[in-house]
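One structure is given here, and the rest of the page talks about it.
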């Protein structure tokens, strides 16, 4: 529903503002150009997106996500101390986070939901500290190679579509760090 | 550094292929299968791209975007956020494909290698669709009392936006 409000608001605001400023015709033309531009963009980003999806499928079949999940074990015990005893929940959470790191979004969600269901068993209906942490880890982006964004940049004619990687890593790292910190602090002070 | 980054993607491709081949994976079949999956991903995002790129280019042509940016500029610029990217920051937590549509319009309009274009790209790459994720996870786990999950997630989003703008200034001081 919120997208309905946002989209309708944007379009109505553009129409009214365009009429008020005497740019009605430009708005009408922009609507057509925007729609046509979207499909052109989609076609020019298809190559990079397909190529990277192929590489990700090779990663998945080669078991890279499993190796990464094992390597992440110690970090996960720090993130989810209350769940450390539940082996299956920890394995699912580790697999979820490593799939997110590799950008395997389709694989990450079912694993994350499995971990969430197991974490919720101990406190039905109420989000435990572990579950809040798992959700925050999934609402912050930890993808190492943002391939979709790079394909948009490449389609728009960027000289080096992946030159934003260091900036993305820094921004993601800070964002996840603050999310984790917020969880750890709020876990202590939250009264419900 | 630049060469290293430029070689990262082809290097990863070859590295993953060799690793997969050594472990007995039919690398070529996986690559082709995955590339087909990429087309499905694309087909899923195209409708949202059309809807959002239409709306944002209308906003831009009408002058509303400049008006909004002008009005909010004093507040947003104080914290280092370019007001031109406000539509992206509003849509980002709500819908992933919609944010990609808004972001793509901004990247095309300002140029992918401009400061604003890079900031839009880094924002897209370093944040996630918070409200969607929260509702899917808590829905699946049958949680009605979400406690501090949403405030903590929004802290992470806000940090992501601020850090994206800051990181682009840090890594691309000239552009």
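Just a yes or no: is a residue in region A:139-154 in contact with a helix residue (DSSP H, G or I) (Cβ under 8 Å, 6 or more places away or on another chain) and farther than 23 Å from residue A:54 by Cβ? Yes: region A:139-154 contains one or more residues that are in contact with a helix residue (DSSP H, G or I) (Cβ under 8 Å, 6 or more places away or on another chain) and farther than 23 Å from residue A:54 by Cβ. If you check B:24, B:15, B:34 for being out of contact with any strand residue (DSSP E or B) (no Cβ under 9 Å at 6 or more places or on another chain), without any contact (Cβ under 8 Å) to a residue 12 or more places away in the chain and buried (at least 20 other Cβ atoms within 10 Å of the Cβ), only one passes: B:34. With respect to being crowded, with 24+ Cβ neighbours inside 10 Å, at the interface with chain A (Cβ under 9 Å from one of its Cβ atoms) and within 30 Å of residue A:93 (Cα to Cα), residue B:125 fits the description.
I'd like to know if region A:40-57 contains one or more residues that are farther than 24 Å from residue A:103 by Cα and without any contact (Cβ under 8 Å) to a residue 12 or more places away in the chain. Yes, because at least one residue in region A:40-57 is farther than 24 Å from residue A:103 by Cα and without any contact (Cβ under 8 Å) to a residue 12 or more places away in the chain.
The criterion of at least 3 residues that are facing another protein chain (nearest Cβ under 7 Å) and over 30 Å from residue B:170 (Cβ atoms) is met by the following helices (runs of 4 or more DSSP H) wholly inside region B:14-96: B:27-62. Residues in region B:50-85 that are buried (at least 22 other Cβ atoms within 10 Å of the Cβ) and modelled with pLDDT of 90 or more: B:52, B:53, B:54, B:55, B:56, B:57, B:58, B:59, B:61, B:62, B:81, B:85.
Residue B:156 - would you say it is assigned to a helix (DSSP H, G or I), crowded, with 23+ Cβ neighbours inside 10 Å, at the interface with chain A (Cβ under 8 Å from one of its Cβ atoms) and touching a strand residue (DSSP E or B) at 6+ places or on another chain (Cβ under 9 Å)? Here the answer is yes, as residue B:156 does meet what is asked. Please go through region A:1-43 and pick out each residue that is more than 7 Å from every other protein chain (Cβ to nearest Cβ), more than 18 Å from residue B:51 (Cα to Cα) and part of a helix (DSSP H, G or I). Selection gives A:16, A:19, A:20, A:24, A:25.
For the structure I just gave you, tell me whether residue B:109 is assigned to a helix (DSSP H, G or I) and more than 7 Å from every other protein chain (Cβ to nearest Cβ). Yes, satisfied.
The values are calculated or read from the model by the stated rules, or taken from the named source; none is laboratory data. Treat the numbers as computed from the prediction; the structure is a model and nothing was measured. In this analysis, Cβ positions are derived from the backbone assuming ideal geometry, glycine residues included, and neighbour counts consider all displayed protein chains.
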